[in-house]
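Chemist: I am attaching a structure below and will ask some questions about it afterwards.
Every number here is computed from the coordinates shown, using simple stated rules; none is lab data. Small disclaimer: the values here were computed from a predicted structure and weren't measured. Here the Cβ is made from the backbone with ideal geometry for all residues, glycine too, and neighbour counts use every protein chain on show.
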Amino acid sequence: MSYSMRMTDTPVGRLRLVAGERGLIAVLWPDHDPRRVPLGPLVEDQDHPILIETERQLGAYFAGERQSFTLPLDFHGTAFQITVWQALLAIPFGETRSYGEIARQIGKPNASRAVGAANGRNPISIIAPCHRLVGSDGSLTGFAGGLAAKQHLLRMERGASAR
């Protein structure tokens, strides 16, 4: 099975958007490691409606005009990973949560490290806001797009939510 893809330029770099028939499958960073988010063959498709809408909503997000996304998401992962990724969707714009808080939220209070591992494999960066997860002391932790991109996203959100 192949998926449709489209490149888009953003303030945090050139991102690869990937969709299938049921929804958005991935938002990938320029230095994407295929072991982190394994995908099949990708076919460039400038006309895929989900990719066009994803690019439009990301543009509005980076312009400070959108705080949440209304896109069909098609997560591919284990049941636990999908549970974690769905929990990310509940973190409000401009706020952060710790890995432990997400572990407790999903009913697995001792699974902070597993939450961290699942978060590290989140295929739909920014849309499923893995950048909003921080260490228990509030420190910035690993991020597929790099810590500078994570810091940019968090600052941008905090600034927009303070308006």
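Chemist: Under 5 Å between amide hydrogens, which residues at least 5 positions from Arg66 or on another chain qualify, with H placed 1.01 Å from N in the peptide plane?
Modeler: Tyr61
Chemist: With N set to the residue count of the chain, report its C-alpha Rg divided by 2.2 N^0.38 Å to two decimal places.
Modeler: After normalising by residue count via 2.2 N^0.38 Å, the value is 0.99.
Chemist: Through the Karplus equation 6.51 cos²θ - 1.76 cosθ + 1.60, θ set to phi - 60°, convert the phi angles of the stretch 18-26 into ³J(HN,Hα) values in whole Hz; use x for Gly and Pro.
Modeler: 10, 9, x, 5, 9, x, 6, 9, 7
Chemist: Let me ask something else. Where the eigenvalues come from the Cα gyration tensor of the stretch 3-62, what are the semi-axes √(5λ) of the equivalent ellipsoid, largest first, in whole Å?
Modeler: Listed largest to smallest, the semi-axes of the stretch 3-62 are 17, 15, 9 Å.
Chemist: Also: Kindly work out what percent of the DSSP beta bridges joining two residues of the chain are antiparallel, to the nearest 5.
Modeler: Of all bridge pairs located within the chain, approximately 60 percent are antiparallel.
Chemist: Calculate for the chain the 222 nm mean residue ellipticity that helices alone would give, adding -39,500 (n - 2.57) per DSSP H run of length 4 or more and normalising by residue count, nearest 500 deg cm²/dmol.
Modeler: Theoretical 222 nm ellipticity from helices: -10000 deg cm²/dmol.
Chemist: Taking the highest mean first, how do the peptides 60-73, 106-119 order by number of other beta carbon atoms within 10 angstrom per residue?
Modeler: Details: 60-73: 14.4, 106-119: 16.6.
The peptides rank, most packed first, as 106-119, 60-73.
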